[in-house]
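Visitor: Before anything else, here's the structure in question.
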There are 2 protein chains.
Amino acid sequence: MAGLDEFSLIKRLFLPLAAVPESLGLSDDVALIEGRWAITADAIVAGVHFLPDDPADLIARKLIRVNLSDLAAKGAEPRFLLLTACFPRETSAEWLDRFASGLKTDCAHFKVALIGGDTVATPGPLTLSLTALGIVDGTSALLRSNARSGDNIWVSGTLGDAALGLRVAKGEAIGLSPEHAGFLLDRYRLPQPRLALGRRLIGLAHAAMDVSDGLIGDLGHICAASGKSATIEAELLPRSAAAQGADLAALAAGGDDYEVLFTAPPAADAQLAALSVELGLPLTRIGRIGEGEGVRLLGPDGAEIAGLAGYRHFS
Amino acid sequence: MAGLDEFSLIKRLFLPLAAVPESLGLSDDVALIEGRWAITADAIVAGVHFLPDDPADLIARKLIRVNLSDLAAKGAEPRFLLLTACFPRETSAEWLDRFASGLKTDCAHFKVALIGGDTVATPGPLTLSLTALGIVDGTSALLRSNARSGDNIWVSGTLGDAALGLRVAKGEAIGLSPEHAGFLLDRYRLPQPRLALGRRLIGLAHAAMDVSDGLIGDLGHICAASGKSATIEAELLPRSAAAQGADLAALAAGGDDYEVLFTAPPAADAQLAALSVELGLPLTRIGRIGEGEGVRLLGPDGAEIAGLAGYRHFS
């Protein structure tokens with residue numbers, strides 16, 4: 001695609017059309033209308049974001065969850081969804097039933113309602129776009145642009161599981177027990193939007209976003225939006241029992257984790273530790289925000305590890 | 001697709017997920033949040049809603065306009081757009097430039113801003129989904145469900161031009177002058193959302209929607225939502241100079257017109273005639289709302305003409 005990657009593409013083409021405060025410069029997970037409605041839209045395509053033979057109900061639930069993950073990272077409470085579904089003509093009634101059943105499960109689970117959208121036929125792959133709206137206290141929204149020097153960098157849950165889960169889904173043997181393989185597959189197929197965490201981070205954290213394209217790339221977005229640098233330590237990156245054998249690339253650059261990456265002042269350390277216990281969700285300090293720009297990943301010897309970047313659609 | 005058409009599909013699968021007042025039962029052009037934000041989402045796919053070799057800027061502008069047409073039919077004032085764009089990997093930088101230039105033209109023309117969205121690569125056809133938000137006085141929103149017995153049925157502009165324009169775009173010779181062919185092609189490629197009309201219909205009209213899938217089918221939606229019937233007269237359907245030779249099917253069932261179809265009490269006739277002059281836009285009375293159900297199209301002899309229906313994606 002003419003050497004364009006997704007981020008430079010968005011910036012060059014669309015930023016001139018976005019000269020209103022509500023857009024947050026197209027550099028955050030959401031737009032913010034009336035300082036109160038957080039709104040996000042994401043598309044997923046068969047063969048790109050999920051495997052064509054993934055179970056229909058899990059595709060529906062992943063679609064909802066990747067969007068709610070954006071709301072979660074802003075501390076927003078999800079309310080409404082609009083779905084535009086482009087179904088291949090050969091889609092069976094059974095498949096559609098299962099898809100709708102997945103939507104229903106997660107609409108109920110997350111207390112959101114479908115309020116509109118569009119259904120069309122496509123000669124191409126199944127393509128789904130979801131718009132999600134949530135309520136947020138905009139004055140406290142956890143914007144990407146609010147990281148400050150001296151902030152600790154935190155991440156929820158564990159990293160790299162989804163990247164490994166994708167390998168499992170593709171049938172690539174990576175020497176895992178069935179239990180671990182199942183765990184990783186689940187992490188790939190069924191992200192957990194960290195809504196409770198996001199709401200509790202308001203007032204504690206400075207900047208936040210969800211990790212969808214890989215830790216290093218996404219942390220780079222916080223740094224760029226905040227005009228700061230970040231240093232993270234490879235040894236601190238949290239990994240699940242199933243991902244003990246994962247290489248550093250999966251942890252630092254694997255996509256689809258949908259955990260919350262956030263920065264908070266050291267004064268919040270104790271409260272965050274308590275919050276982790278309360279929510280039953282690991283919160284791990286992985287580095288520090290500083291002046292300057294860029295993201296540095298340090299190895300156990302303190303030397304920088306280069307060459308790891310996030311997922312880019314058009315690289 | 002297992003005999004499902006688009007409308008029964010939406011109803012069966014999605015209505016159970018939409019049990020909130022904001023959804024308007026998924027039976028209107030928009031959802032209505034806080035009685036004030038009208039929100040709509042539509043997708044267009046290359047080879048289905050436009051021809052793959054249509055000019056990129058016109059594809060972008062049509063995408064915006066089909067969505068703004070939904071807002072127009074509710075009397076809403078458009079404000080914000082979110083775009084999810086699935087670009088084929090082979091898309092050229094030149095094509096993207098032209099696409100962005102079309103977005104820019106219409107964002108400026110309609111005074112709307114892009115506030116978010118998503119850009120992904122697809123192995124399939126160009127697929128674009130747009131969410132549009134507008135401000136409306138919800139207590140007066142021109143809902144589909146508000147048609148009343150005795151209302152006159154009106155339509156703006158002329159019918160069938162876009163259906164003929166599609167034939168022109170496909171190179172089907174239909175014996176037109178270059179001027180008329182150009183007019184029809186323009187009507188297909190560049191719909192005119194009737195925003196000024198929509199705003200002025202508040203207080204005058206009872207029910208309204210935009211004509212996107214063909215007059216008869218769309219009028220059927222108003223009848224179903226209102227629990228009423230409609231009778232329209234073939235001779236009254238407004239046609240442009242270029243469409244004088246069009247058959248009744250193009251006028252009564254051709255898609256993509258994006259005119260406003262509305263019902264209003266006879267007491268509003270004089271004001272609507274004056275409004276037509278003021279806006280420089282034909283407003284034509286084409287029939288009447290009554291009790292009962294269904295849409296009847298009458299020929300010049302008063303006999304019913306059957307067998308014409310709107311565009312359905314999965315028929």
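Each value in this text was obtained by applying a stated rule to the coordinates, not by laboratory testing. Keep in mind the model is a prediction, meaning the values are calculated, not measured. Positions of Cβ are backbone-derived with ideal geometry, glycine not excepted, and every protein chain shown enters the neighbour counts.
Visitor: Quick one: what are the phi-derived ³J(HN,Hα) couplings along the stretch A:230-237, Karplus 6.51/-1.76/1.60 with θ = phi - 60°, whole Hz, x for glycine and proline?
Guide: 9, 10, 10, 10, 4, 5, 8, 5
Visitor: Among the DSSP beta bridges whose two residues both lie in the stretch B:142-305, what percent are antiparallel, rounded to the nearest 5?
Guide: 80
Visitor: Right, something else. Please go through the residue pairs A:Lys74/A:Lys228; A:Lys104/B:Lys74; A:Lys104/B:Lys11; B:Lys62/B:Lys111; B:Lys11/B:Lys62 and name each one whose alpha carbons sit more than 18 Å apart in this structure.
Guide: In this structure, A:Lys74/A:Lys228; A:Lys104/B:Lys74; B:Lys11/B:Lys62 exceed 18 Å between Cα atoms.
Visitor: Follow-up question, since we're still on this one. Running a GNM on chain B with Cα contacts under 10 Å, which residue among B:Leu297, B:Leu68, B:Leu251 ends up with the highest mean-square fluctuation?
Guide: Of the options given, B:Leu297 has the highest mean-square fluctuation.
Visitor: Within 10 Å of each Cβ in peptide A:72-80, how many partner chain Cβ atoms are there on average? Round it to a whole number, please.
Guide: Mean partner-chain Cβ count within 10 Å for A:72-80: 1.
Visitor: Can you tell me the FRET efficiency between B:Asp137 and B:Ala19 if r is taken as the Cβ-Cβ distance and R0 is 22 Å, rounded to the nearest 0.05?
Guide: 0.30
Visitor: As a test, work out the antiparallel percent of DSSP beta bridges whose residues both lie in the protein assembly as shown, rounded to the nearest 5.
Guide: About 75 percent, rounded to the nearest 5.
Visitor: Quick query: amide H of A:Gly117 versus all other amide H atoms, modeled in the peptide plane; which residues come in under 5 Å with a sequence gap of 5 or more or a different chain?
Guide: Under 5 Å from the amide H of A:Gly117: A:Leu83, B:Ala41.
Visitor: Oh, and also: How far is A:Pro266 from itself in the other copies, in nm, if each label sits 7 Å out from Cα along the Cα-Cβ line, shortest first?
Guide: 8.3
Visitor: Quick one: if you take sqrt(5λ) for each eigenvalue of the C-alpha gyration tensor of the protein assembly as shown, what semi-axes come out, biggest first, whole angstrom?
Guide: They are 48, 24, 23 Å, listed from largest to smallest.
Visitor: Could you go through the stretch B:89-95 in sequence order and give the Karplus-derived ³J(HN,Hα) for each residue, using 6.51 cos²θ - 1.76 cosθ + 1.60 with θ = phi - 60°, rounded to whole Hz, and x for Gly and Pro?
Guide: 4, 7, 4, 8, 4, 5, 4
Visitor: While we're looking at this one, here's another question. Between B:Gln271 and A:Thr105, what is the spin-label point distance in nm, taking each point 7 Å from the Cα along the Cα→C-beta axis?
Guide: Reported label-point gap for B:Gln271 and A:Thr105 is 5.2 nm.
Visitor: Give me a comma-separated list of calculated 3J(HN,Hα) values for the stretch A:287-302, in order, Karplus coefficients 6.51, -1.76, 1.60 applied at θ = phi - 60°, integers in Hz, x for any Gly or Pro.
Guide: 3J(HN,Hα) across the stretch A:287-302, in whole Hz: x, 9, 8, x, 6, x, 9, x, 10, 10, 10, 9, x, x, 8, x.
Visitor: Arranged by the count of other C-beta atoms within 10 angstrom, fewest first, what order do B:Lys228, A:Lys74 take?
Guide: Lowest count first: B:Lys228, A:Lys74.
Visitor: If I model a spin label as a point 7 Å beyond the Cα along the Cα-Cβ vector, how far apart are those points for A:Ser149 and B:Ser8 in nm?
Guide: Distance between label points: 6.8 nm.
Visitor: While we're looking at this one, here's another question. If you count, for every residue in A:17-26, the Cβ atoms of partner chains within 10 Å of its Cβ, what is the mean?
Guide: 5
Visitor: Arrange B:His49, B:His109 by Cβ neighbour counts within 10 Å, fewest through most, would you?
Guide: Going from least to most buried by this count: B:His109, B:His49.
Visitor: Per residue of B:34-47, how many C-beta atoms from partner chains lie within 10 Å of its own C-beta, taken as a mean?
Guide: Partner-chain Cβ atoms within 10 Å, mean over residues of B:34-47: 5.
Visitor: Under a 5 Å amide H to amide H cut-off, with H placed in plane at 1.01 Å, what residues pair with B:Leu298 once short-range neighbours are removed?
Guide: When sequence neighbours closer than 5 places are left aside, the close amide H contacts are B:Ile232, B:Glu233, B:Ala234, B:Ile305.
Visitor: Give me, ordered by chain and number, the residues 5 or more places off B:Arg79 or on other chains with an amide H under 5 Å from its own placed amide H.
Guide: Long-range HN contacts for B:Arg79: B:Leu133, B:Gly134, B:Ile135.
Visitor: So what's Rg/Rh here for the stretch B:232-315, counting alpha carbon atoms and using the Kirkwood radius for Rh?
Guide: With Rg and the Kirkwood Rh in hand, the quotient comes to 0.97.
Visitor: Can I ask one more? At 20 °C and a viscosity of 1.002 mPa s, what translational diffusion coefficient does Stokes-Einstein give for the stretch B:142-305, taking Rh as the Kirkwood radius over Cα pairs? Give it in µm²/s as a whole number.
Guide: 135
Visitor: Along Cα-to-Cβ, 7 Å out, sits the label point; list in nm, shortest first, how far the one on A:Pro55 is from those in the other copies.
Guide: Those separations, rounded to one decimal, come out as 5.0 nm.
Visitor: A follow-up question, please. How big, on average over all directions, is the shadow cast by the Cα convex hull of chain A, in nm²?
Guide: Spelled out: convex hull of the Cα atoms, projected over all directions, averaged, 16.8 nm².
Visitor: What relative contact order, as a whole-number percentage, does chain B give when Cα pairs under 8 Å and 6 or more residues apart are counted?
Guide: Answer for chain B is 23 percent.
Visitor: Roughly what percent of Cα-Cα pairs across the stretch A:6-139 reach past 21 Å?
Guide: It works out to 45 percent of all Cα pairs.
Visitor: Suppose we consider the axis relating copy B to copy A; can you name the residue of B with the nearest Cβ and state that distance in angstrom as an integer?
Guide: B:Gly124, 1
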